[in-house]
Structure formats: structure tokens, C-alpha cells
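One structure, as C-alpha cells, below. Some questions next.
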Amino acid sequence: MPSTFFSSSDTIVAIATPPGRGALGVIRLSGPDAHRIAGTLLGRSTPLEPRRATFARIRRSRSIDQVVATFFPGPASYTGQDLVELGAHGSPIVLRQIIDAAVAAGARLAEPGEFTLRAFLNGKIDLVQAEAVADLIDSVTPLQARAAFDQLEGTLTDAISAIDARLFDVIARLEASLDFPDEGYHFVDPGDLVRELDRILADTRALLRRAETGRLIREGLQVVIVGKPNVGKSTLFNTLAGAARAIVTAQPGTTRDLLTETIDLDGLKMTLVDTAGIRETHNEVEREGVLRARRAQDVADARILVLDGSEPLDAEDVAILLNDQNSRDLCVVNKVDVGSAWRAADVPALLGRPVVMMSLRTGEGVDALKPALLQALGVEAPERDPVRVTNARHIGLLTDCIESLARARAAVDMSGGAIPEEFVLDDLHDAREKLEQVRGRRAPDAVLQEIFSRFCIGK
Amino acid sequence: MSDDFDVIVIGAGHAGCEAAWAAARLGSRVALCSLSRDTVAHMPCNPAVGGTAKGHLVREIDALGGLMGEAIDATGIQFKLLNRSRGPAVWSPRAQADKREYGRWVRARLETEPNITWICGKAGRIVIESDRIRGIELEEGGGFIPGRALVITTGTFLNGLIHIGPETQPAGRAGEPPSRDLAESLKSFGFRWGRLKTGTPPRLLRESIDFDGGVSRGTFVEERGDAEPVPFSFLTDAIAREPTSCYLLYTNEAVRDLVRAHVGESPLFNGQIKGIGPRYCPSLEDKIVRFPDRERHQVYLEPEGVESREIYVNGCSMSLPRAVQESIIRALPGLADAVVLRPGYAVEYDFIQPTELRRSLETKRIAGLFLAGQINGTSGYEEAAGQGLMAGINAARLVRGEPALGLGRDQAYLGILIDELITKGCLEPYRMFTSRAEHRLLLRIDNADLRLTPIGRSIGLVDDTRWSRFEARQARFARNREALQSTALRTPCGNRASALEWLRRPEVKLADLYRDGQIALEVQAGQEGLDLASLETTIKYEGYLRRQVATVERLRREEGRRIPEAFAFATVPGLSREVIQRLSEVRPDTLGQALRIPGVTPAAVAVIGAYLGRPMRPAAS
Ligand SMILES: Cc1cc2nc3c(=O)[nH]c(=O)nc-3n(C[C@H](O)[C@H](O)[C@H](O)COP(=O)(O)OP(=O)(O)OC[C@H]3O[C@@H](n4cnc5c(N)ncnc54)[C@H](O)[C@@H]3O)c2cc1C
Ligand SMILES: Nc1nc2c(ncn2[C@@H]2O[C@H](COP(=O)(O)OP(=O)(O)O)[C@@H](O)[C@H]2O)c(=O)[nH]1
Ligand SMILES: [Mg+2]
């Protein structure tokens, strides 16, 4: 980490928009000299009016560009310091020249994440929000952006604060009962305690349950298409990818290697994997392909199991169906244009998995595919989900928190007699500390450094 | 120079007595200077020692070789283990003291110590030479006492001002003169200081109260204390005195109405008192005005000693005018004929902000000057005694050129007490609570010796008697554990299990197994309860204890990173001015301590951590 990383006494500058050519490029200056440096760049002697977009020219030796300059005086700015935003035309060369000019006027190039670090250090955002900023910038699809945005707005912080407040109340009452035993107060009723802990546990678990979905949204998910040869896997892959990526032939064993394509399924980032058909084979290349197909299944978040509906199921189909039951499976019964040799209800090996019947050739039933897939993934109505946890660190902390809460809950009414309060409290304090860590109130510096080094310049 | 005392202790209250004792036992030539030899270890308020967390402090003082545990065991007249129905980490001993006997016992013990020279007089001006202690001048031409270290433990005496209704009187305690010169001398060094307030209830004439009648009419509830007292000291075999009773009663509407009618005459409410009082120990006026929804408040009648004619009215601390106090007392159920011997009063006093202190309790500004007890903003005998002990130890060590002894928050309540004082300072009088201990499960009364006696031994404070008792207790513990392991029991469902395994179940109690004769154990007379507790706790709650030990180790790694003594916080980039100021005042010695300073954010500590993690840049020219 660069030695200047934690300094907020100088003025930093960076391009705030993603690299590459765009219609508009934004440059940000933050620090005590932000306004002075902006004045030098713009050749202005009159101060910029706070929070008012001002049309101006960037001057150096000759006129460079027309910009819109906005001055946000601290502490009411994103970083909490004086901040100037310059909106210029998006040419990388122009932006570079403006940066150079700013550096010549006394600014320093910002390190990755440094703007957000300053916002955090100045108490403008909490740790959850700081992480959300990184997610927002990294997000590829609208749904992902939405989840990150929720965190930025503090929805997660609010949900955790609500749980924390109730936990804090329980802790305070239990502590009082220990430190003031003789005051004639009845601080906690055992029945109330059990009920309240149950509520807190339920709420925390609900938050975590959303987390799984949240993680899929944030990281995107891998969906692997499996089935025996020639059932239509590659055809399905091409259909979903919207392009003829995979070679489709009538000859079994055409697909040998793994093929991947990232698609946007109603706002969900998804990496589709087409695989070789699974069967016993003596061909060395195909055998390697089958091996890779099996491995791809093991790491996938979900599978689409393709079956040929026009023929009776054989031992290979059943083996695939019974092997490794991923909790997120969708069965596609293809080639219904040729005929239906069996009914899904009659096949126990389907294990009650969701099934869609279709013909990829005629297009019959294909419309049902996307909704069925979203449902199988458990994200069918993402916009109605109020709070989402989308960060692996948060998920880990919430999991630990639930473990501590569950231990405390078990201890307050053990069949053989309750565990004394101070032991229960030990777990409740631990649980609370985990919640605090999600919010970053007492996060150790190692976590902070990890988070801030993930940032890209100028957010 | 040879005439110099090594350590001068000013004040013979609970802090001063422990300080003088510890320093003398460590070989220092000690001068113990106090206003009078009749008020040694005096209890100006509640005639009791211990209570939640305070009982822990006393056990720790005892485990290190201090006086308080033995003193109360010898002079206590009613013992009670608080929180007995709860877990072993919050069991706290408490005892009513025979107040006069207590003071006499402590004085007698100090008089056996040849290293202590008693000086009667009033300390005035502190004499220093290039920011180092030279000695102390007594007021009124009492002369100069030269010394290399000075421990000041003057309690509530610095500019003490007593209030009883509209009457005010400069005094350290009722009937004792305040210390003005000493206060001004301390302030002249530039210490940050503040003003606090505490109070005490009226005392009643014992013979004027019909206790038996009150009990039979149901207005009083008799409280007897434990039939089998748990002693404070690891050295005590048996509690000698016959238990005395206390009596519980409740305030009524008449009391409430009287307080409400006269609250304007209370210096607490009419602006006469500026000092801040303890929220955990409210006056009667406070209770009734601030908690109007509470129907009644507890009042305990406590004898101040076996022979004493005074009854302490616990729960009725007040500073109303004398006449109002009398009518309030007489309005209490069963006290219609009670005679008020002495009125309750409030006292305001100066204290020095303890953020001025190092962990050793030496001031940062003046080398060799130590402060301990209520002068540091604490309240309570046990808190005072604990600081006195640590200050006495460290004064002696300073004189001998030895490094200071500091206890960690994971080692002792004494460590927590001092850490919080020097880290946070005092905004109100400070009292210890078990909830202040984040590693509470490890800081139990039954293992205070395991935690601290080896430390006391290594610095030379634990004598051979205490040490051999400690070793015997450890050996006994090991043999008993062995016995539990090898004794097989038949469980109610007919299985066989070792007693040790069986004991892991929450409903199985070691005391039952032992009393039923199902298992043979070795116990020390008088210490039986705690011997069993140590065994049972370490077995039954092993998982909890192990997790807490793991936390301690993690914290030591994460937060224990040291900050150099002369570190210039202002050179760390990115810290706000307020944070730099807080850090520069407190000068934390570890990142962990920095994180506990109010107003210092985790982000700021992360910044310092990152800064310390790399070679420091040369100071800007
Ligand atoms: C009215 C009153 C009410 C209290 N109420 C409570 C309460 O409700 N709860 C609670 O926990 N605690 C209470 N306390 C506090 C408790 O008594 C003290 O915290 C504790 O006794 C402090 O011990 P110490 O050793 O610091 O000082 P003290 O016990 O006060 O001892 C001070 C010593 O210094 C000596 N001294 C003072 N000035 C000089 C001088 N210039 N030269 C030489 N000697 C000097 C005195 O003679 C005395 O020996 C109360 C105290 C008072 C006075
Ligand atoms: N009749 C019919 N043929 C299909 C259908 N879907 C795919 N096919 C054909 O089945 C053959 C195998 O398809 P392919 O996608 O390569 O199968 P894979 O081996 O599972 O990847 C090709 O000739 C496809 O044209 C369908 O719905 N109906
Ligand atoms: Mg294929």
C-alpha cells in the first residue's frame, strides 16, 4: 500500500468514469485545495458557486475543452472534504490532459478507492455503504446495480440496526439483572427472553436467506447444461445465448470441450456452460470432454438437465438424474415435436424437479424456459425483495452471528436447566460484535485495508 | 538524600492504606501522612465491603497480597454472596462491616510494619525539582518531608464542600477540614481537573427503632445473610463473628409527597451543587423526581457495628435541610419514633482527570507523583483500595528502578479499572460493574488467585504463608479433578459415566454429588464453596471458557500492537483535529487502548495501525 494512502490532508484527483471512450468523462478533485486547483484549471478569479453547475473552459497554454464544473464544499460532499467535479467530453486524451494540468497545479493522483476511503474516514458513509460503492461500479447488469444501490442507500444498514437495537435491549436487560441483583427490579422474564431471542434469530436468518440470492445477483451464477449426447444441449445453449455459438449436428458426441457464454437473463448475470454429452466412450478426446462436463457440474450454481422426450428414458438418463442432486436443477424435456414417449409424472427419477416441455426446433414451449429457470434459481421476483445481502464478508459474519444467537437461544431453556446468564451474554455480545463488523463500526484494520484496496480510482 | 523516604503516602483511607502497605512490604521506607490516626480506613458512607464486581476487586486485592480481604473477613458482621442463583462468574461477595473495628484492624496491621513511619499533619505544597518529586510541605509550618515518590490519596478532601439544605461548609467529610493548599498545588502543574459530588444518608439511633415490632407487623423484612459465609480472603479459614441482621422496608406515598414538596430546597435541584453525582447511586430526591412511575423504593436499615448505636439508612442519601430529613425519616413505615443522630449530606470535591495518568498511576506530567482512589474520580472503597495497591506497588518499583506493573483487561478487574480511568477519564464518579469486563467468564472470584497470586509472588508482595496456601490449593485442585475423572457414577438412566463427564450436564451440581457422598473431594476449611466452584466451572463451562481464551489470544494479537511512548499523533496524516487531541491527551500504549478512547473512530485507529505498520518517515523540517 502506498505510503500516502491514509493522508487526507492533500488534494487528490482522478477520472471518475470508466476507462475508454464515452460521451462524457467526469474528473473529481477532493481535498483542501480542490477549489483553488479547479480555479487554476479554469482560469477563474471568481469563486465557483457551491453546488451549482457552471459552464467553463479548461485553459492551460491554449483552450483544451469545455467543461461543466460543480463545487461541493465540505463537509456536505461525498468525501466530506471540498470537492470539485468537472464534466468534460469523454476523450481519454482530453481527460488525461486535464489530470496532468491538475497535478501540475498541486493535486495528487488518487489511489484506488481513495475517494471512498475519505468518505468513510470522515464519517460520510459506513463500511457497508463503502463496499456497496465498489459493487455498484463493478456491476454489469441492472439487477446487480439495484442490489448494490440498496446497500448504498443504507437498507442493509437499517435492517441490521433494527436487529441490533433489539439485541442490545436484551443484552442491557440481562446485564442489569447481573449487576443490580438487589434493586428489587425484575429485569427479564424468562418467557419473554425466549420469545425475543426467537424473533431476533428469525430476523437474522431471514436476512441471511436473502443473502444467497444476493450473492448470486452480485457475483453472477454459473449454469451448466448437462444430459446424454444428442438431446439438444448445444441447441439450448445457442437459444439462450442468442447466437450460434455451439456446433449443432445430428451426430452424437459433437461437443467435446466446455463452451461458456455470459448472458443477461432479466437482469441476472449468468454464465452458461455447454458440455459434452455424458456417456461411456472409448474416444480419448470425448472421454476428457465427459470428465470436464462432470467437473463443471460440481462447481456450478445450477444445472439444466436436458432429456429427449421423444424416446423412452434409458439407463444413462436415469444415472444423470440420480447423480448429484443440485438444489437448483431444471429439467428440460426436448423434442416434443417428434413425440412424447413418457410423462414426467411417471418418472420417479425426476425427484420432483421442475420440468419444462419444449421443442427447440419448432419453438414450442420455449417461452416458458426463462421464467422456469429464474424460478428454479429462486430469484423469480427480485424487485420485490426489500433487503439483500450481497457480499461474501457479510454472509460470513451473519452466519457467525446466527451461530452465536442460536447457542444463546439453546442455552436459555436447556431441558436440564438453563445455562447462567453471563454465559448466554457471552454469545449475545459475540453476536452483536458480528453485526457491528458488518456495519464496520469496529472492524479491524486488516478488513478495512482489504476493502479499500478493492476500489478502482475515483469512486 | 539518605534521610529521604522512598515513598510518601498522603491519606490513610482505603487507597492510602493499601499503598503504604504494599510499598512497605516491597522494601520501601514509607511515610504515611494523614490528618488523623483515628480515621484510618474509615468508611464515611455505607458500612459494607464488596457487592457486584466490587467483591471481585477485593478478591483480587487479596490475591496480590493486599489488606482489604483479610480486614473485612476479620471484622464483617454479615456476609452474603450476591447472585448465588446465577453463574459463578457473577457471584460477588458482600459483607456488612463493623465500621470501627474495620478501621482499627487495618491500623493495627499497618502498625506491625516497621517500614512505615506515621506522620500526622496536613499535606500542602508538593515540591518538585525539574518535573520530578522532591517531597511535600505540611501546612501550618509542619515542615518538609523529603521523598522520591509521592502517592496522593486524599479522597473527597480536595476543596471539599458539604451541603445540607441551604447550609454549606468547607469539609472533606463531615467534621474534617478540606484540603485547599494541596488542591491548588496539584492544579498549578496544569492537570486537567473537574468537580464531582457524592452523598450519604442520615444515621439513626439504634434504640429508637423497634426492629422486632416492625418485623412482626410486616413493615420490615429481616435479612440475615448467608448461614455459611464465603470469605473474601484466600487466607481465611472461618468467619468468626456472629451474624447481625439488616432490615428492608419501602418508601411510601408520604415520603414521596414530602420529597416532592421540598425538592426546591435540595441543593441538588436548586443549582447550589455543580458537581456531577453517580447515576448508579442516586439520592432519594433523584429517585423520586426522576422515576415518578416507580411506586416505592427500597430502604435498608444497617447497623454500623456490633456495639455501634448508629443505624445507616441505605437508600436514603439526601441533602435536604435537617428538619425535612427528620420528617422524611419519620414518615417511613416503622420509623415514626426514630431519632436522627446525624443528617445526610452531599459533598462536592475536586478530582484530577485520570487521563493524566499512566497505567502505573504515575502522572504523566510529574515523575514520581502517583494518584490513587477517589481523587481520580472513582467512588467506592474497593475501587480506591485497588488503585492504592497498584500505586503503592508501582511507587516502590519506580524507586527501585524496576518497570511498572500493569494488569491487562483480560487478567483482572483491577486491570479494567485502571485501563478505563486512564483511557476514558471520568464524567461522573466511576464504579466497577461486571458488565465492564468483556472477558467476564475468565475473571471469577474463585480463580483470582490463579490469575494474580503468581504475579504478586514474582514482585515480592506475596509472602511464604500465602504462597504455600496457593500451592496447596493448586495441588488440591489437580487431585480433585483427577478424582472426578476416575470416579464412576451410575446415572439415573442406569448408565455408568465418570463424574467428570456427568458434571458437564447443566442440571448436575457438584455440591450435591459431594454432599451426598457420591464423590470424595479434598477441600480447605472455609474455602469449600470456592474450591468446588473452581472445579465445577472449569468442567461444566469448558467450551465457553475455551472460546473466551481464544478471543483473548486473538485480541492480544490484533489489538495489542504497541504504540511507541513518544509517538506524535499529530504527524499521522488523515486524522481529524479532535481525534489527534484525544489521542495526545490519553497517549494510548496499544492500538487496542486507542480504540477504546471515546471519540476515536475505528477508522482512525486503522489509519494509525497502517501508519505504524511501515517505517516512519523523518519528521518534516
Ligand atoms: C459523604 C460520602 C458519601 C459517599 N458515598 C458513597 C457511596 O454511596 N458509594 C460509594 O461507593 N462510595 C461512596 N463514597 C466514597 C468512598 O467513601 C470513597 O470512594 C473511598 O472511601 C475513597 O477512598 P480514598 O482512599 O480515595 O479516600 P478517603 O477514604 O476519603 O481517604 C482520604 C484520606 O486522606 C486524608 N487526607 C485528606 N487530605 C489530606 C491532607 N491534605 N493531608 C494529609 N491527609 C489528608 C484523610 O484524612 C483520609 O485519611 C462516599 C464518600 C463520602 C465522603
Ligand atoms: N426434432 C428435434 N430435433 C432437435 C431438437 N433440438 C435439437 N434437435 C436436433 O438434435 C440434434 C442434436 O442436437 P445438439 O444440440 O447438438 O445436441 P447435444 O449433443 O445434446 O449438444 C441436432 O441435429 C439438433 O438439430 C428438437 O426440439 N426437435
Ligand atoms: Mg452438443
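The values are calculated or read from the model by the stated rules, or taken from the named source; none is laboratory data. It should be emphasised that the depicted structure is a prediction, and the values quoted were computed from it without experimental measurement. So basically every Cβ, Gly included, is an ideal-geometry build from the backbone, and we count neighbours across all protein chains shown. What goes into the accessible areas is simple: the full protein's heavy atoms, side chains included, and nothing from ligands, DNA or RNA. Shrake-Rupley method; radii C 1.70, N 1.55, O 1.52, S 1.80 Å.
In contact (Cβ under 8 Å) with a residue 12 or more places away in the chain, surrounded by fewer than 17 Cβ atoms within 10 Å (Cβ to Cβ) and within 16 Å of ligand 3 (Cβ to nearest atom): is that true of A:Arg292 in this structure?
So A:Arg292 fits the description; yes.
Considering only the stretch B:84-143, give the strands (runs of 3 or more DSSP E) lying wholly within it that have at least 2 residues that are more than 14 Å from every other protein chain (Cβ to nearest Cβ) and open to solvent by 50 Å² or more (accessible area, probe 1.4 Å).
Strands (runs of 3 or more DSSP E) meeting the threshold: B:116-120, B:123-129, B:132-138.
With the requirement that a residue be open to solvent by less than 60 Å² (accessible area, probe 1.4 Å) and touching a His at 6+ places or on another chain (Cβ under 9 Å), what does the stretch B:240-264 give you?
Scanning the stretch B:240-264 gives B:Thr251, B:Val255.
State yes or no: is A:Phe187 within 14 Å of another protein chain (Cβ to nearest Cβ), closer than 30 Å to B:Arg444 by Cα and within 32 Å of the chain's Cα centre (by Cα)?
Answer is no for this residue.
From the list B:Arg206, B:Arg173, B:Arg195, B:Arg180, which one is free of Cβ contacts under 8 Å to residues at least 24 places away in the same chain and either surrounded by 14 or more Cβ atoms within 10 Å (Cβ to Cβ) or within 16 Å of ligand 2 (Cβ to nearest atom) (or both)?
Testing whether each residue is free of Cβ contacts under 8 Å to residues at least 24 places away in the same chain and either surrounded by 14 or more Cβ atoms within 10 Å (Cβ to Cβ) or within 16 Å of ligand 2 (Cβ to nearest atom) (or both) leaves just B:Arg180.
Something else: What do you reckon, is B:Glu528 assigned by TED's automatic domain parsing to the domain that holds B:Arg476 and farther than 24 Å from B:Phe234 by Cβ?
No: the conditions fail for B:Glu528.
Filter the stretch A:238-249 for residues that are modelled with pLDDT under 75 and either touching a Lys or Arg at 6+ places or on another chain (Cβ under 7 Å) or within 13 Å of ligand 3 (Cβ to nearest atom) (or both) and give the result.
Hits for the stretch A:238-249 are A:Ala244, A:Arg245, A:Ala246, A:Ile247, A:Thr249.
Please go through the stretch A:425-440 and give me each residue that is facing chain B (nearest Cβ under 9 Å), of a type outside the set (D, E, K, R) and part of a helix (DSSP H, G or I), ordered by number.
A:Leu425, A:His429
If you don't mind, there's one more thing I want to ask. Please go through (1) among the hydrophobic types (A, V, I, L, M, F, W, C); (2) under 22 Å from the mean Cα position of the chain (by Cα); (3) within 14 Å of chain A (Cβ to nearest Cβ) for B:Trp502 and return the number of the only condition it doesn't satisfy.
Looking at each condition in turn, B:Trp502 falls short on (2).
Right, another one. Given the criterion surrounded by 16 or more Cβ atoms within 10 Å (Cβ to Cβ), touching a His at 6+ places or on another chain (Cβ under 7 Å) and assigned to a loop (DSSP other than H, G, I, E, B), identify the matching residue among B:Pro278, B:Pro267.
Only one candidate qualifies: B:Pro267.
Need the failing condition index for B:Ala74 against (1) within 14 Å of chain A (Cβ to nearest Cβ); (2) in contact (Cβ under 8 Å) with a residue 24 or more places away in the chain, just the number.
Result: B:Ala74 passes all but (1).
To continue, here is another question. Could you list all residues from the stretch A:268-289 that are of a type outside the set (S, T, N, Q) and within 16 Å of ligand 3 (Cβ to nearest atom)?
Those that are of a type outside the set (S, T, N, Q) and within 16 Å of ligand 3 (Cβ to nearest atom): A:Leu272, A:Val273, A:Asp274, A:Ala276, A:Gly277, A:Ile278, A:Arg279, A:Val285, A:Glu286, A:Arg287, A:Glu288, A:Gly289.
Does any residue of the stretch B:25-32 turn out to be charged (D, E, K, R), within 11 Å of ligand 1 (Cβ to nearest atom), in contact (Cβ under 8 Å) with a residue 60 or more places away in the chain and surrounded by fewer than 24 Cβ atoms within 10 Å (Cβ to Cβ)?
No - not one qualifying residue is present in the stretch B:25-32.
Does A:Gln97 meet the test of being surrounded by fewer than 19 Cβ atoms within 10 Å (Cβ to Cβ), assigned to a helix (DSSP H, G or I) and not basic (Lys, Arg)?
Answer is yes for this residue.
Give B:Gly76, B:Gly55, B:Gly143 a once-over and let me know the one that is on the phi > 0 side of the Ramachandran plot and not basic (Lys, Arg).
Result of the check over B:Gly76, B:Gly55, B:Gly143: B:Gly143.
Considering only the stretch B:153-186, state which residues are in contact with a helix residue (DSSP H, G or I) (Cβ under 6 Å, 6 or more places away or on another chain) and closer than 25 Å to B:Leu398 by Cβ.
Passing the criteria: B:Thr153, B:Thr154, B:Gly155, B:Leu158.
Now a separate question. In the stretch B:281-313, which residues are within 13 Å of chain A (Cβ to nearest Cβ), open to solvent by 10 Å² or more (accessible area, probe 1.4 Å) and not basic (Lys, Arg)?
Once the filter is applied, which keeps residues that are within 13 Å of chain A (Cβ to nearest Cβ), open to solvent by 10 Å² or more (accessible area, probe 1.4 Å) and not basic (Lys, Arg), the stretch B:281-313 yields B:Cys281, B:Pro282, B:Phe291, B:Asp293, B:Glu295, B:His297, B:Gln298, B:Tyr300.
Considering only residues of the stretch A:251-261 that are in a strand (DSSP E or B) and open to solvent by less than 60 Å² (accessible area, probe 1.4 Å), which is farthest from A:Gln375 (Cα to Cα)?
A:Leu259
Now, a different point. Out of B:Arg431, B:Arg365, report the one residue that is closer than 21 Å to B:Ile10 by Cβ, touching a Gly at 6+ places or on another chain (Cβ under 7 Å) and surrounded by fewer than 22 Cβ atoms within 10 Å (Cβ to Cβ).
Matching residue, one of B:Arg431, B:Arg365: B:Arg365.
Out of A:Leu265, A:Leu178, A:Leu201, I need the residue that is away from ligand 3 (no atom under 16 Å from the Cβ), within 14 Å of another protein chain (Cβ to nearest Cβ) and either within 30 Å of B:Gly55 (Cα to Cα) or in contact with a Leu (Cβ under 9 Å, 6 or more places away or on another chain) (or both). Which one?
Matching residue, one of A:Leu265, A:Leu178, A:Leu201: A:Leu178.
Looking only at the stretch B:433-464, filter to residues that are hydroxyl-bearing (Ser, Thr, Tyr) and more than 14 Å from chain A (Cβ to nearest Cβ); which one of those is nearest to the chain's Cα centre (by Cα)?
This residue is B:Thr453.
Let me ask something else. Taking A:Ile278 as meeting all but one of (1) within 14 Å of ligand 2 (Cβ to nearest atom); (2) under 30 Å from A:Ile395 (Cβ atoms), write down the number of the exception.
Against the list (1) within 14 Å of ligand 2 (Cβ to nearest atom); (2) under 30 Å from A:Ile395 (Cβ atoms), A:Ile278 comes up short only on (2).
A follow-up question, please. Which residue is nearest to ligand 1 (Cβ to nearest atom), if the candidates are limited to the stretch A:235-261 and must be over 29 Å from the mean Cα position of the chain (by Cα) and among the polar types (S, T, N, Q)?
Here the residue is A:Thr255.
I'm trying to understand the selection: among the residues of the stretch B:355-386, which are under 12 Å from the mean Cα position of the chain (by Cα) and of a type in the set (D, E, K, R)?
B:Glu382, B:Glu383
Yes or no, residue by residue, for (1) at pLDDT below 65; (2) in a helix (DSSP H, G or I):
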| site | (1), (2) |
| --- | --- |
| A:Glu364 | no, no |
| A:Leu374 | no, yes |
| A:Glu380 | yes, no |
| A:Ala410 | no, yes |
| A:Ile457 | yes, no |
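Being surrounded by fewer than 17 Cβ atoms within 10 Å (Cβ to Cβ) and more than 16 Å from ligand 1 (Cβ to nearest atom) is true for just one of A:Asp317, A:Asp274, A:Asp308, A:Asp264. Which residue is that?
Among A:Asp317, A:Asp274, A:Asp308, A:Asp264, only A:Asp264 is surrounded by fewer than 17 Cβ atoms within 10 Å (Cβ to Cβ) and more than 16 Å from ligand 1 (Cβ to nearest atom).
Then there's this: Among the numbered conditions (1) open to solvent by less than 50 Å² (accessible area, probe 1.4 Å); (2) part of a helix (DSSP H, G or I), tell me where B:Leu521 comes up short.
If we test B:Leu521 against (1) open to solvent by less than 50 Å² (accessible area, probe 1.4 Å); (2) part of a helix (DSSP H, G or I), just (2) comes out false.
Test of understanding: among B:Arg365, B:Arg358, which residue is out of contact with any Ser or Thr (no Cβ under 9 Å at 6 or more places or on another chain) and within 27 Å of B:Pro454 (Cα to Cα)?
B:Arg358
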